[in-house]
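The values are calculated or read from the model by the stated rules, or taken from the named source; none is laboratory data. Please read all numbers here as calculations on a predicted model, not as lab measurements. Backbone-built Cβ (ideal geometry, glycine too); neighbour counts: all protein chains shown. These accessible areas exclude ligands, DNA and RNA; they are computed on the full protein's heavy atoms, side chains included. Shrake-Rupley method; radii C 1.70, N 1.55, O 1.52, S 1.80 Å.
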Amino acid sequence: SLRRSRLRRLHSLCYRSEHAEIGIWSEVKLAIIKKYAAAYTTIMDAQRREKFSRMRWLYIDGYAGSGHHISKTRNELVEGSPLIALNTNPPFHEYHFIDSDTGNAAELRKEAGDRTDVFVYSDDCNDVLLTKVFPRADYSQYRRALCLLDPYNINLTWQVIEAAGRARSIEIFVNFMIMDINRNALRRNPSKSVRSKVDQMTRLWGDDSWLDAGYDQVPTLFDEDRPVKVSNERFAEAFRQRLINKAGFKCVPKPMPMKTKTNAVIYYLFFASQKDSGMGIVNDIFNQYRTKQGL
C-alpha cells in the first residue's frame, strides 16, 4: 500500500548514513548471488545426504559491507550479500564476512548476534582470506566454499584468486572493475595512467602482462609502435583465460557485464569453479539477466 511504501522510504532514510547506496547493476548482482547460493547449498546438501556425510560448506564474503544497502532506484533498504547468505536455505555451515571498515564490521556483528557459525573480520581481506579463511575450506576434509570477491576498487590481489583456484574446493564470484581500470590504469594514453592504480592493477593481474593484454602495438609512419587500447571485451576475455590457465579453474563462463542505464559497463561479474555443474547453473542465471537487459 501507499502507507507501507512511505514507511519503507522513511525507514531507509534512517539508515542512509550507515549503508552505501547501490545502483541497479548491483541489485542485479545480488539477485544472481541469491539464485546461485540457493542452488549451491541445495546441491551440496544432496551430496552430503547421498555420499559424503562429513561434507561441510562455507560462505565467504571478501568485501561484505554493512549487510544492507540503499537502492538508488527505489530509495529503499535492501539486503546485501551477507544477509542473502544468512537467509539461504539449506544453510551454509559457516559464514565468513570480511570488511576493513570497522563500522561495517560492527554492523555485521550486530546482524550475527550470538551465532557461533558466523565469523566477522575487520582487516584486509587479502590477508584474512589467505591466512585464516581459505585454509578452512580443506578439500581433503570434504570442505567446500562459495566466495564473493566484490572489491570497492582495484585492491584485490592475484594471490587470493590463485589460492582459490589451487584449493580445488572454492568457487568464486569476482567483480572485475573495468570502469575503474579504464579511468585510472588502462588509459588510452598510458602516460596519463595513475601510478598507484597501475601498481594495483599489476597486483590484481599477478604481473605486468596485463599491459600486453590491454594494448596492441600498432606501427606508425615514423617506424615506431604506438600502444592502442583494446576493447573491454578483449581485456575481460584475457582475464577469463588467466583464471583458467594461471589460477587453475576448470570452468569459467563468459562474464556478466553490469551496465548503467546509459549502457556503460561498470564491471564484469566473473564466476570460476572446478565443476561443470556450477558453470551450467551460472550460465542459465546469467542468460536470464542478459535477456532482461537486452545483452
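All conditions but one from (1) more than 10 Å from the chain's Cα centre (by Cα); (2) open to solvent by 10 Å² or more (accessible area, probe 1.4 Å); (3) in contact (Cβ under 8 Å) with a residue 60 or more places away in the chain apply to residue 167; the one that does not is (3).
Selection of segment 176-188 for residues being open to solvent by less than 70 Å² (accessible area, probe 1.4 Å) and farther than 23 Å from residue 148 by Cα yields 184, 185, 186. Counting only residues that are under 28 Å from residue 104 (Cα atoms) and in a helix (DSSP H, G or I), segment 16-55 holds 18 of them.
Of all residues in segment 234-242, at least one satisfies being among the polar types (S, T, N, Q), closer than 25 Å to residue 281 by Cβ, open to solvent by 40 Å² or more (accessible area, probe 1.4 Å) and free of Cβ contacts under 8 Å to residues at least 60 places away in the same chain.
Residues in segment 135-164 that are in a helix (DSSP H, G or I) and buried (at least 16 other Cβ atoms within 10 Å of the Cβ): 136, 158, 160, 161, 162, 163, 164. Residues in segment 58-78 that are in a strand (DSSP E or B), at pLDDT 90 or above and either out of contact with any Lys or Arg (no Cβ under 7 Å at 6 or more places or on another chain) or surrounded by 24 or more Cβ atoms within 10 Å (Cβ to Cβ) (or both): 59, 60, 61. Keeping to segment 110-134, report how many residues are in a helix (DSSP H, G or I) and exposed (fewer than 14 other Cβ atoms within 10 Å of the Cβ). Residues meeting the conditions: 2.
Scanning segment 252-291 for residues that are part of a strand (DSSP E or B) and in contact with an Asp or Glu (Cβ under 6 Å, 6 or more places away or on another chain) gives a single hit, 273.
Here 19, 11 are screened, and the one residue that is under 22 Å from the mean Cα position of the chain (by Cα) and modelled with pLDDT under 80 is 19.
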